[in-house]
Every structure is written in C-alpha cells, then in structure tokens.
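The values are calculated or read from the model by the stated rules, or taken from the named source; none is laboratory data. Bear in mind that the values here come from a model prediction, so they are computed numbers and not experimental data. Please note: Cβ atoms are built from the backbone with ideal geometry, for glycine as well, and neighbour counts cover all protein chains shown. SASA here: full protein model, heavy atoms, side chains in, ligands and nucleic acids out. Shrake-Rupley method; radii C 1.70, N 1.55, O 1.52, S 1.80 Å.
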Amino acid sequence: MTHDEWLERYRRAWVERDAETAATLFAEDAIYREQPFQEPLIGREAIRRYWHDVTRPQSAIELRYGTPIAVGRRVAVEWWANLLNNGSPVTLAGEFLLTFADNGQCRELREYWAVTTSRVQPPDGWGA
C-alpha cells in the first residue's frame, strides 16, 4: 500500500473509531509515539488498545490532511481534526512523522499535536 492509501485508511479508521482496522495499519512490532515525553506504545496490540480507549468518547470526527512530504520510507504530514469528545467540541492540529516497512505498514509513528476546546477551521494556507 502507498503512503496515501495508508493515510486514507488511518483517516477512515479514526472517523469510524475502528481500533481493529487501525491496528492492522501497523507492523507487529511498531512503535507509536503519541506524546514525545511519554513512553511509546510498542506493538500492534498496544496500539489497538490505545485506539479503542482514546476514540471511545469521540464522535462527529472530521479529519483532513495537508500535502504529505515523502523521502524514501518516511512521510511527514500535517493533520487537522474537528470532533466531539464526550459531547464537547474539540479541534486538534497535528503532524505525523511516519516510517513505513516494505509492505506498506507503519513501523514507527511520531505525532505532535495541539488542542483547543472549540471548533476551529484551519488558517488560510494550512496544509499546502
């Protein structure tokens, strides 16, 4: 699978809150670093559990990506998410740095994000 296909599957998994599908996007021994100062999640099963827990209170999820930048097996991409978390509006603006295996599964995900407790649209020029 290409990185564009991977990103679309990830988007769909988040919108549908589908932890099983999300987990299949990662290598069995993948590293998922959701926060830079926390220990990473290691392995597909840890990623599946994280996804199950973190997406459970979410609804009305809208996720869009900027234009990915790819160099070899690494891809950097901005993302913007509007959603409800426990019924309250939230906007997340973030970035993924992804490393892919030959088979198209993600070997490592690093993300950085900021959150605000309201619904905000991306600024002009975002994602270009």
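Here is the figure for the range 3-17: residues that are out of contact with any strand residue (DSSP E or B) (no Cβ under 7 Å at 6 or more places or on another chain) and buried (at least 17 other Cβ atoms within 10 Å of the Cβ) total 3. Any idea how many residues of the range 50-59 are open to solvent by 80 Å² or more (accessible area, probe 1.4 Å) and closer than 17 Å to Arg107 by Cα? So the count comes out to 0.
All of (1) surrounded by 16 or more Cβ atoms within 10 Å (Cβ to Cβ); (2) closer than 29 Å to Ser118 by Cβ hold for Glu62 with one exception: (1).
With respect to the conditions (1) farther than 18 Å from Arg119 by Cα; (2) assigned to a strand (DSSP E or B); (3) basic (Lys, Arg), Arg49 lacks only one, and its number is (2). The set of residues in the range 112-128 being open to solvent by 60 Å² or more (accessible area, probe 1.4 Å), part of a loop (DSSP other than H, G, I, E, B) and not hydrophobic (A, V, I, L, M, F, W, C) consists of Thr117, Arg119, Gln121, Pro123, Asp124, Gly125. Among the residues that make up the range 97-111, is at least one of them open to solvent by 40 Å² or more (accessible area, probe 1.4 Å), acidic (Asp, Glu), part of a loop (DSSP other than H, G, I, E, B) and under 25 Å from His3 (Cα atoms)? Yes, because at least one residue in the range 97-111 is open to solvent by 40 Å² or more (accessible area, probe 1.4 Å), acidic (Asp, Glu), part of a loop (DSSP other than H, G, I, E, B) and under 25 Å from His3 (Cα atoms).
Within the range 65-95, being open to solvent by less than 60 Å² (accessible area, probe 1.4 Å), in a strand (DSSP E or B) and in contact (Cβ under 8 Å) with a residue 40 or more places away in the chain holds for Tyr65, Ala70, Val75, Val77, Trp80, Ala81.
Yes or no: Glu20 part of a helix (DSSP H, G or I) and within 12 Å of the chain's Cα centre (by Cα)? Judged against the criteria, Glu20 is not a match. In the range 32-46, the residues that are surrounded by 13 or more Cβ atoms within 10 Å (Cβ to Cβ) reach residues that are acidic (Asp, Glu) and not in a strand (DSSP E or B) with C-beta atoms within less than 9 angstrom, at least six apart or across chains, in these pairs: Arg33/Glu39; Pro40/Glu34; Leu41/Glu34.
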